[in-house]
Amino acid sequence: MSFTRMMEGNEAAAWGAKLSRAEVVPAYPITPQTELISHIATMIANGEMKAQYIKVEGEHTAMAASCGASAAGARVFTASSSQGIVNMEEGIWMPPGRRLPIVMCIVNRAIAPLGSLRPDHNDSLLQRDTGWIQLYCENSQEVLDTIIQAYKIGEDNRVYLPVAPCYDGYFVSATATPTTVPDQDEVDDFLPPYKHEMYNLMPDEYKAAPAFPRNIAKARYEVQKAMERAKEIVEEVDRDYAKRFGRSYDGFLEEYACDDADAVLVTMGSMTGTARDVVDEMQAEGKKIGLVKLRGFRPFPTEELQELAKKYHAIGIVDRNTSYGSAGGGIVSMEAARALYALDDRPLLLNFHVGLGGSDVTMRQIEYMADKVLEAVETGKVKEVVDWVELHEMGEVM
Amino acid sequence: MKNDQLFDEYYEKSLMQGGTACCPGCGGPTFWRMALEVLGPNTILYGDGPCAGCATRNIKLPRFGLHFSFVADGATGIVAALAAKGREDITVVSGGGDGAIGDIGFGKVSAAAERNENMIQLCIDNEAYMNTGIQKSGLTPFGAWTTTTPQGKENQKKRIPMVIAQHGVPYVATASVAYPRDLKAKIEKAMGIRGFKYIHTVMPCPTGWRFNPAKSIEVVRLGVQTWSWPLYEVENGVLRLTMKPDPKPVEEYLSTQGRFRRLTDEQIEFIQKQADNDRERLLENDGKNIQF
């Protein structure tokens, strides 16, 4: 039976894996992912979940075991964070090319040095070129729903790619929000058992290493095409999910309170919740700012962003990540710039670095960023293309 | 005509068809032919070490590999998937070379042993990184020339089989392609045991060891006869020497290979002492439980 109660993000993720009937869970503990795998271990020990839990000795092995199990026909769930994601980097490249629809939660946490246990998005965004579909979640409910959707997307024979539901450590992983756990029969009906077709269909030359370069180019192009097809599937699965379970996340991006907006802020992950309140308050004061929550980062919602650009004069991208020495600003803003470059009439594009190393993204900061975007609309100019918001606050930026 | 027919029949039955990408005289294909005759078709192979990978390229079995640095780990996933599916009838064999098992993936093998994963882990040991052009590994023997030890290796070979035996796994064995009956018996025994089985086999490498490719079997046979490569098994902790030849001087083995050409008399003496010591220790513990 379906039920609703307060639930932390990590517990919701465990429910997501259980309801999806993951059969093999290789995992290695790392803060802030630990409660997730402890919940799964407990569920298996209690007999509530039927799965093989592999207590691996590190993340590199967690990913390798995930690949082995998936190639052998099992539905696989795993999760990690930060250093763990970097540790498994060598393995992270394998599932897309091997077309293994593994689901791995990335519980976002900043990467060392200056190690932090708190979230920013560099760990998952670092994986942007590897061929994993990435969906960023705002709260426990979305985590649970996205995991079920993730299997449906990844295992679709038009896709056959791994999927990473990402959510911020602590702000989502350890914060209890009301969460509805759907009925198992309903989920079973929505998500049939994993039919393992793709790997066996792969010609031998793709399995061998080293492969001939010609085959590599072809295999990579196929992954690219699958990524492109995934754009439609992500939307389709979200629509179907809404029909059955009554909850939708608007596919790749959600426009919040944008009806009368001249400009928008684009946020990802947990900061979106705070931003919703700020935008509401600012609109009550007559300021024409709207909010866009970027849920899907891979495949990147290029067309959707171009549509936004037609409606709003300025777009402020909030990057909870760094890309040192980049062409300009954070990773999301660079992607956005490329997407918008194709337009004849480009909007003003602003970029903010905020919440790095897991510092709070405060209401004041969001208001500050919104004001900057509105100021750009008013003056028709961007004063500061890349704005390190917290350093501004500390008076550190000249 | 009769010979052709015999060959065709053998070829038809063989799980290894279509030649190999290995160097002439490589022990890899020889090992796999013997092993596959015992393992049979109900086997999944895991592992992607370059040399071991070349040897397995034309094996007609379900095969999965990621990259050479991934040892035992993907096989762990396969074992778990089979358990989830309730398949008890399949042997999972995880292969790797000495570099993968002794160096970069050592922790992985150790962890799979600790978890007692239901698989046969093979170490196909040619005593250096041969595919990349003969670089020293942790399992290169003392004094051996490689391109990264141009003066000969300063340190000893890691005793991996004994290290794995101390994990308390049900079965550990050493093997050599020069002794097919012994090798096959060990694989057959491993197939009948549940849990982590470790078989460490020598893979003669004419390219890296510097000898005539026609002499592969002779060279590794001398390895056993000089007790440079003792053949034993450790079953549930109990050591059993499966071959106890009258010891020949190690020099007979060393002199067959160009990689030992620069050894001084003192170094040969040191290697001889070590072989003697190992032999004595092994004979002393033959039939005894050696797990602490």
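Each reported figure results from applying straightforward, stated rules to the coordinates on display, with no laboratory input. These figures come from a predicted structure and were not determined experimentally. Cβ coordinates were reconstructed from backbone atoms using ideal geometry, including for glycine residues, and neighbour counts include every protein chain displayed.
Miscellaneous remarks
- The mean sequence distance of close C-alpha pairs (under 8 Å, at least 6 residues apart), as a share of the length of region A:295-346, puts its relative contact order at 38 percent.
- Förster radius 30 Å - calculated FRET efficiency between residue A:214 and residue B:214, Cβ distance, rounded to 0.05: 0.25
- Rg and Dmax of region A:1-119, Cα atoms only, in Å: 14.1, 46
- Taking chain A as a Gaussian network of alpha-carbon nodes connected by springs under 10 Å, the highest mean-square fluctuation of the residues A:226, A:176, A:284 belongs to A:284.
- Efficiency of FRET between residue A:197 and residue A:242 - r from beta-carbon atoms, R0 45 angstrom, step 0.05: 0.95
- For chain B, the relative contact order is 16 percent, taking Cα pairs closer than 8 Å that sit 6 or more residues apart in sequence and dividing their mean separation by the residue count.
- q = 0.09, 0.12 Å⁻¹, chain B: log10 I(q)/I(0) [Debye, one scatterer per Cα]: -0.41, -0.74
- Here the translational diffusion coefficient of the protein assembly as shown follows from Stokes-Einstein with Rh set to the Kirkwood radius across Cα pairs; for 20 °C and 1.002 mPa s it amounts to 78 µm²/s.
- Adding -39500 (n - 2.57) for every DSSP H run of four residues or longer, then dividing by how many residues chain B holds, sets the calculated 222 nm ellipticity at -11500 deg cm²/dmol.
- Its Kirkwood hydrodynamic radius, worked out from the mean inverse distance over all distinct Cα pairs, puts region B:1-129 at 15.3 Å.
- On Cα atoms only, tilt of A:213-245 relative to the major axis of chain A in degrees: 80 degrees
- Overall, region B:131-222 carries a charge dipole of about 160 debye about its Cα centre when +1 sits on the Cβ of Lys and Arg and -1 on the Cβ of Asp and Glu, all other atoms neutral.
- Helical contribution to [θ] at 222 nm, DSSP H n ≥ 4, -39,500 (n - 2.57), averaged over chain A, rounded to 500: -13000 deg cm²/dmol
- Euclidean distance of C-alpha centroids, region B:139-161 and region A:253-325, integer Å: 60 Å
- Placing +1 on the Cβ of every Lys and Arg and -1 on the Cβ of every Asp and Glu, with nothing else charged, gives the protein assembly as shown a dipole about its Cα centre of roughly 2940 debye.
- Descending semi-axes in Å of region B:207-292, equivalent ellipsoid built from Cα gyration tensor: 27, 15, 10
- Normalising the average separation of contacting C-alpha pairs (under 8 angstrom, six or more residues apart) by the number of residues puts the relative contact order of region B:70-179 at 22 percent.
- Within straight-line cross-link reach of residue B:273, lysines at Cα separation under 28 Å, skipping those fewer than 8 residues along the same chain: B:136, B:153, B:157, B:158, B:215, B:244, B:248, B:288
- Antiparallel bridge percentage (DSSP; both residues within the protein assembly as shown; nearest 5): 30 percent
- Region A:123-178 versus region A:59-77: alpha-carbon centroid distance in Å: 17 Å
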